[in-house]
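One structure is given here, and the rest of the page talks about it.
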There are 2 protein chains.
Amino acid sequence: MIEVEVKLRAAHEAVRAALEAADAESKKRLTQVDTYYDAPHRDFAETDEALRVRRERNPPSSDSGAEPAGSDAPGGHRFEETVKVTYKGPLIDAESKTRAEHETAVADGDAAAAIFDGLGFEQAAVVEKEREYFVLDGYTVTLDRVDGLGEFVEVEAEASESADVESVRDGAFEVLRRLGLDPDEQIRTSYLGLLLEDAE
Amino acid sequence: MIEVEVKLRAAHEAVRAALEAADAESKKRLTQVDTYYDAPHRDFAETDEALRVRRERNPPSSDSGAEPAGSDAPGGHRFEETVKVTYKGPLIDAESKTRAEHETAVADGDAAAAIFDGLGFEQAAVVEKEREYFVLDGYTVTLDRVDGLGEFVEVEAEASESADVESVRDGAFEVLRRLGLDPDEQIRTSYLGLLLEDAE
């Protein structure tokens, strides 16, 4: 599987109206807080590696009457949190963006952060975003509101083989146009990269 | 809580007979495979830190008729595996062996190992043991068969405060004597330490 993804800046209000008009299906909403680490012994910016701890929280759906036990939010709602640790290795093939990636869920995110901290890894950046998924014409449309960066839209689908990439990408462009967006405004830099650019 | 622990070498056959004669309660059996890592940027032997990935497997109890789904053993039995990552910081107080310790369960042990491998940590040693717990006179008696080292017995209990440590230790010595063992043969080196000594 090859992931085909197109991302651009876009005010969500207009996109949301277009998604409703197109009868797109809203899938789920969540908050992702990604902490990226610097290594004590090499420069990840140079080696193109990344170590990330991702905390993902699903707010309780508003139409659910059930009140889960426990509470870690002011309103007495409990947010389910999942935490994943991900390592992305150096690019093996720059053109195809091939790299080793290892990921595992961890039971205790604070402990995982404390382990990396103890080992000498330092927090390089935190990327926090609210994310909402829709499905339209077989594509996943993601509305991201990224702290410090603003609003973005991603359109994404999978190609089963290299030969299909172009037609899948054309389809993604078509979805963008249906949402009133211009594929030429595509951004290729990651949110982390955009935040670090801003910090320079 | 202060952990009071006395460990010594002892052939299990005689100890097991003594445990049976004393009507000690057998609690559980498991296999622990501990992988210790060396750091790429500092010498853990010098800093007295440790990074460990522990895989713990509970063999299916022999008196259980139920056959859990799945299989990862030749006999078609499934072993439940839990994996924990633990970081032990440098000693803050050598006398009391006080140190920071952070631990979290991880969903995917192979991924956790691959993450540390990718980050440049190297396997320093693997300590593999079969462990069986008994309870006798309020003490936990652990029979460890450690690969490459042989058979050990640990007697352990918790003291609620420093003032109680001596009486709890005396009780542990008494348990050892009931099992036909000599408290003077106590070993204070960890299994990892013993294995590394042997390797020298």
Exercise. Taking H as built 1.01 Å from N, whose amide H comes closer than 5 Å to the amide H of A:Ala125, not counting residues under 5 places away?
Worked result: A:Tyr36
Exercise. Taking a probe of 1.4 Å, how large is the accessible area per residue of chain B, in Å²?
Worked result: 56 Å²
Problem set entry | Carbon/sulfur fraction of accessible area - the protein assembly as shown, other protein chains in place, 1.4 Å, % | 43 percent
Exercise. Counting only protein chains, not ligands or nucleic acids, how are B:Arg54, B:Arg178 ordered by accessible area (probe 1.4 Å), most first?
Worked result: B:Arg178, B:Arg54
For this session: State, to one decimal in nm and shortest first, how far the label point of A:Arg145 sits from each corresponding label point in the other identical copies (label point: 7 angstrom along Cα-to-Cβ).
Result: 6.1
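Where does the charge balance sit around A:Val53 when Lys and Arg score +1, Asp and Glu -1, over other residues with C-beta under 9 Å from its C-beta? Spell out each step's value before the answer.
Details: positive: A:Arg52, A:Arg54, A:Arg55, A:Lys84; negative: A:Asp34.
Local charge sum for A:Val53: +3.
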Problem set entry | Column: log10 I(q)/I(0), Debye, Cα scatterers of segment B:2-199, q = 0.12, 0.15 Å⁻¹ | -0.74, -1.12
For this session: Using only atoms on other chains, find how many Cβ atoms lie within 10 Å of each Cβ of peptide B:46-53 and report the average.
Result: 1
Problem set entry | Beta carbon of chain B nearest to the axis of the rotation taking B to A, residue and angstrom distance | B:His41, 2
Problem set entry | Length-normalised contact order for chain B - Cα pairs under 8 Å, 6+ apart - percent | 31 percent
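Taking a probe of 1.4 Å and counting only protein heavy atoms, give the total accessible area buried between chains B and A in Å², rounded to the nearest 100. Please report the intermediate quantities before stating the final value.
Working: alone 12040 and 12040 Å², together 22330 Å².
For B against A, buried area totals roughly 1800 Å².
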Seminar exercise, completed: Averaged over residues of B:18-24, the number of beta carbons from other chains lying within 10 Å of each residue's Cβ is 0
Seminar exercise, completed: Output row for A:Leu8: copy-to-copy label distances, label 7 Å along Cα→C-beta, ascending, in nanometres, one decimal, is 7.8
Seminar exercise, completed: For A:Asp108, the residues 5 or more places away or on another chain with a placed amide H closer than 5 Å to its own amide H are B:Ala105
For this session: Set Lys and Arg Cβ to +1 and Asp and Glu Cβ to -1, take the dipole of segment A:2-199 about its Cα centre, and tell me which of A:Gly109, A:Thr142, A:Val175 lies farthest positive.
Result: A:Gly109
Exercise. For segment B:117-131, which residues drop by 40 square angstrom or more in accessible area between the chain on its own and all protein chains together (1.4 Å probe)?
Worked result: B:Gly118, B:Leu119
Problem set entry | Distance between segment B:17-48 and segment A:111-137 - C-alpha centres, whole angstrom | 32 Å
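Lysine pairs in segment A:2-199 with Cα distance under 18 Å, only those 8 or more apart or on different chains: how many are there?
Details: A:Lys7/A:Lys97; A:Lys7/A:Lys129; A:Lys27/A:Lys129; A:Lys28/A:Lys129; A:Lys84/A:Lys129; A:Lys88/A:Lys97.
Pairs that pass both the separation and distance tests number 6.
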Exercise. Given R₀ = 51 Å, FRET efficiency for B:Asp170-A:Glu197 by Cβ-Cβ distance, to 0.05?
Worked result: 0.20
Seminar exercise, completed: With 0.36 nm assigned to each residue of separation and the Cα-Cα distance removed, B:Leu8 to B:Asp147 gains 48.5 nm
For this session: Positive end of the charge dipole of the protein assembly as shown (Lys, Arg +1 and Asp, Glu -1 on Cβ, about the Cα centre): tell me which of B:Ser26, A:Ala45, A:Ala159 has its Cα farthest that way.
Result: B:Ser26
Exercise. For segment B:24-37, in order, what is each residue's ³J(HN,Hα) by Karplus, 6.51 cos²θ - 1.76 cosθ + 1.60 with θ = phi - 60°, in whole Hz (x at glycine and Pro)?
Worked result: 5, 8, 6, 9, 7, 10, 7, 10, 10, 10, 9, 9, 9, 10
Exercise. R0 = 56 Å: FRET efficiency of B:Ile187 with A:Gln186, Cβ-based, nearest 0.05?
Worked result: 0.30
For this session: Within 10 Å of each Cβ in peptide B:98-104, how many partner chain Cβ atoms are there on average? Round it to a whole number, please.
Result: 5
Exercise. Separation between the B:Thr82 and A:Leu30 pseudo-spin-labels, each 7 Å from Cα along Cα→Cβ, expressed in nm?
Worked result: 2.5 nm
Exercise. What distance in nm separates the simple spin-label points at A:His41 and B:Val135, each placed 7 Å from Cα in the Cβ direction?
Worked result: 4.4 nm
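The values are calculated or read from the model by the stated rules, or taken from the named source; none is laboratory data. Just so it is clear, the structure is predicted and the values come from calculations on it, not from any experiment. Please note: Cβ atoms are built from the backbone with ideal geometry, for glycine as well, and neighbour counts cover all protein chains shown. Areas reflect the complete protein model, heavy atoms only, side chains present, ligands, DNA and RNA absent. Shrake-Rupley method; radii C 1.70, N 1.55, O 1.52, S 1.80 Å.
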